[in-house]
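The structure appears below as structure tokens.
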Amino acid sequence: IYDCLKASFRHAYLTGNIGKIQPLEFLSELKASDFVVYELSSFQLQDLTISPHIGICLMVTSDHLDHHENLDEYHNAKASICAHQNQNDVVIYKSDHEASVKIGEQGLGQKYTFSTKSKPTQGAYIDGEKIILTSPFKADIVIDCSNRTLRGVHNLENIAAATIAASILDISTEDITKSVTNFKGLEHRLQLVGEQNEVMYYNDSISTVPDTTIAALNSFTEPVHLLLGGSNKGLDYTDLVKDLISRKN
């Protein structure tokens, strides 16, 4: 989203877990015409009584169970992304995922969804390497992602969510497509860090839960050597183990 805003020459700040700069560093400079793209963790969301103007909920699974009492508390914390919205606000969420729907349906904000399975009333659906935006946009807008740098179907879903937000902000299809094509992703998230002797090396150390590790592995059909480790956050590794055992590559 930040990249799309930059492509359309909007003045924006990228902050939160994802940013190099934190809000108190630029608060005194902030103008009413500026945009703030803010990644909010469950830790930051759980005590909020206000939601952002445009809130996005991607696929929510389980995480931080070393901090939250249980999965319900974790999901309830996430829900602050839209639970306090009014009718002028917008929430964008994944309609193919039960927990995301449960969160996205909260609050009074206008509902936009994205899906790989069905065409939503308003939002976006993924058809091969194309993202097709539907009503209330003037006509179905098609974003061609065939030249994208980011690997994986999960990144198509992320792009779909970002595309909806960018379109709501009146960023042109040309600027969105340019961002989708050129965006190389985040550091430490399926980041190509080098190649030697025809072996590609990817850093995926931000992938700190089983579900994101599975999503990353689904991005490869070629042989993979997986180096896996980290600290225990009280999560269930059953699905990950089953997935690894079943893989042929």
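Structure data summary
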read-out	value
Test for Tyr125: is it outside any helix (DSSP H, G or I), out of contact with any Cys (no Cβ under 8 Å at 6 or more places or on another chain) and open to solvent by less than 60 Å² (accessible area, probe 1.4 Å)	yes
Test: residue in the range 55-73 that is under 18 Å from Leu169 (Cβ atoms), part of a loop (DSSP other than H, G, I, E, B) and free of Cβ contacts under 8 Å to residues at least 24 places away in the same chain	no
Within the range 12-34, considering residues that are of a type outside the set (Gly, Ala, Ser) and closer than 22 Å to Ile92 by Cα, the one farthest from the chain's Cα centre (by Cα)	Asp34
Residue within the range 101-115 that is farther than 23 Å from Ser80 by Cβ and either modelled with pLDDT under 90 or open to solvent by less than 30 Å² (accessible area, probe 1.4 Å) (or both) present	yes
Members of the range 103-122 that are outside any strand (DSSP E or B) and β-branched (Val, Ile, Thr)	Ile103, Thr116, Thr121
Top-ranked residue in the range 213-249 [being hydrophobic (A, V, I, L, M, F, W, C) and assigned to a loop (DSSP other than H, G, I, E, B); ranked as most open to solvent (accessible area, probe 1.4 Å)]	Leu227
Enumeration of residues in the range 132-168 that are of a type outside the set (Lys, Arg), farther than 22 Å from Asn203 by Cβ, open to solvent by 30 Å² or more (accessible area, probe 1.4 Å) and assigned to a loop (DSSP other than H, G, I, E, B)	Ser135, Pro136, Phe137, Ala139, Asp140, Ser146, Asn147
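The values are calculated or read from the model by the stated rules, or taken from the named source; none is laboratory data. Only a predicted model underlies this, so the values are computations on that prediction, with no experimental measurement involved. Note that we place each Cβ from the backbone using ideal geometry, even for glycine, and neighbour counts take in every protein chain shown. Heavy atoms of the whole protein, side chains included, go into the accessibility calculation; ligands, DNA and RNA do not. Shrake-Rupley method; radii C 1.70, N 1.55, O 1.52, S 1.80 Å.
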